[in-house]
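This report refers to the structure that appears directly beneath it.
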């Protein structure tokens, strides 16, 4: 059966939303058979499905089990497509340190950001969940990443982000490093208030924010 590119992308989106791993795998193979750009399929097909689920989660229409099901389905497409994703070596993405702030063990969103960043060619150092501030600082000193991504799903743990920003400043690790934040209760206004360099409403947006930061950095060099 022949599919248009739009039909393939829409089918991937619907399969992720439905948590249908078999359909994700099927249309991932169709992507390769029909010559659709694999990265476009992941970002405009699979990742769009996760955007839909993120919006539904924020509205209380779906819950963690459904998000996990969708993420697992998306992973089936990623496993098939990732080897075929071509990263433009003239604009190689940078290195990102990711972690869920101390006191928070909700890492679904962070894990999806990690997957999409890796697909986009970024080197990702994942510190996991419930990460103490000193661990962020030690990792920044050791790895000198381009970007640090902080995640929080609870309002209480989100309030630790300003303290982390102060710790980064006091430890003198902020120079040359951009900090982005995200998670359920996080807003653009909050990001600006605490001095973060970027904010993503969801995983695909977080990748776009990282791309812009890296584009600006390359332009400055």
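The values are calculated or read from the model by the stated rules, or taken from the named source; none is laboratory data. Because the structure is predicted, anything quoted here is derived from the model rather than measured. All Cβ positions, even for glycine, are placed from backbone atoms using ideal geometry, and neighbour counts span all protein chains on display.
Details
- Boolean, residue 131 is crowded, with 21+ Cβ neighbours inside 10 Å and over 21 Å from residue 204 (Cβ atoms): yes
- Those helices (runs of 4 or more DSSP H) lying entirely in the range 104-221 with at least 2 residues closer than 30 Å to residue 83 by Cα and not assigned by TED's automatic domain parsing to the domain that holds residue 75: 108-119, 133-143, 203-220
- Within the range 34-53, the set of residues being closer than 25 Å to residue 186 by Cβ and crowded, with 22+ Cβ neighbours inside 10 Å comprises 42, 46, 47, 49, 50, 53.
- The listed residues are 149, 128, and the only one of them that is in contact with a strand residue (DSSP E or B) (Cβ under 8 Å, 6 or more places away or on another chain) and on the phi > 0 side of the Ramachandran plot turns out to be 128.
- Residues that are under 24 Å from the mean Cα position of the chain (by Cα) and surrounded by fewer than 18 Cβ atoms within 10 Å (Cβ to Cβ) within the range 6-19 comprise 6, 10, 14, 18, listed in sequence order.
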